[in-house]
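Trainee: Have a look at this one before I ask anything.
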Amino acid sequence: MVRRPGKLERRRRILQAARKVFAQGGYAATRMTDIASAAGVGKGTLYEYFRNKEEILRFEFDRYFAAFETAAATAMARAGSPAAQLLELVRFAFQHLREWESHCAVYVDYFGSARPDDGAAFSLAPIYGDIEQRIRALIEQGKAAGEVEPDVDEAATAELLVSVFDGVVLHGVFVGRPDGTHALLGAALRLVERGILVHEGAPPSAQGAD
């Protein structure tokens with residue numbers, strides 16, 4: 001007897017099919033019928049799970065950032081000091097990007113095709129605001145611990161680091177990255193280490209003097 005897929009398995013297939021269709025044909029051009037066909041389900045069955053294609057994308061979008069938030073917190077908790085946590089956050093962000101690269105390409109397509117006046121479009125501002133706040137807090141804690149240069153601008157640095165991550169995503173989508181992000185991770189960690197952290201055994205004013 002052939003076992004019929006359960007609800008969770010069917011949802012997983014729908015989401016997997018949607019990502020594939022979004023990536024191949026673009027979010028704007030994709031229809032619910034395209035997703036249903038790729039998932040091997042009827043259109044009526046598809047609507048039992050999702051009202052429209054934006055709800056599908058939003059479900060995956062929320063899942064992406066929920067996974068980021070949970071795993072990043074776990075990784076940072078093992079790091080110890082504020083400076084170590086900041087480096088671990090940068091390291092984890094690049095690792096997360098590698099694991100979810102296909103998702104990121106779809107998100108770039110979605111935001112590129114969304115109209116500014118589209119009330120249905122969802123915003124990254126609250127999520128990015130939370131990430132920036134976490135980075136600012138780590139920088140402040142690092143200053144108090146003598147690990148971060150006292151003249152570092154917390155808000156500007158936090159926004160820049162988030163923008164760097166966004167830039168890596170965009171660059172990979174636009175021109176491709178056959179060698180992956182490993183080399184970029186090393187460069188990013190070096191920029192943080194030598195750009196805002198206090199060098200061991202050197203006064204803060206000497207940072208970057210070499």
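Trainee: Mean Kyte-Doolittle hydropathy of -1.0 or higher plus an axial Cα length of 20 Å or more: which whole DSSP H helices in the chain meet both?
Mentor: 7-25, 53-77, 82-99, 125-144, 154-175
Trainee: Further question on the same structure: In the range 1-51, how does Rg compare with the Kirkwood Rh, expressed as the Rg/Rh ratio over alpha carbon atoms?
Mentor: My calculation of the ratio gives 1.00.
Trainee: While we're on this one: So the label point goes 7 Å from the Cα of His182 along Cα→C-beta, right? Which residues of the range 70-109 then have their backbone N under 11 Å from it?
Mentor: none
Trainee: While we're looking at this one, here's another question. On a straight-distance basis, which lysines could pair with Lys20 in a cross-link, Cα separation under 30 angstrom, same-chain partners fewer than 8 positions away excluded?
Mentor: Qualifying lysines at Cα under 30 Å: Lys7, Lys43, Lys53.
Trainee: Can you give the FRET efficiency to the nearest 0.05 for Leu191 and Ala23, using r as the Cβ-Cβ distance and R₀ = 30 Å?
Mentor: 0.45
Trainee: Report the semi-axes of the equivalent ellipsoid for the chain in whole Å, largest first, where each axis is √(5λ) for an eigenvalue λ of the Cα gyration tensor. Spell out each step's value before the answer.
Mentor: Details: eigenvalues 322, 59, 48 Å².
Semi-axis lengths for the chain are 40, 17, 16 Å.
Quick note: the coordinates plus some simple rules give every number you see, no bench work behind them. Bear in mind the structure is a predicted one, so any value in this text is a computation, not a measurement. Methodologically, a virtual Cβ is constructed for each residue, glycine included, from the backbone with ideal geometry; neighbour enumeration extends over all protein chains shown.
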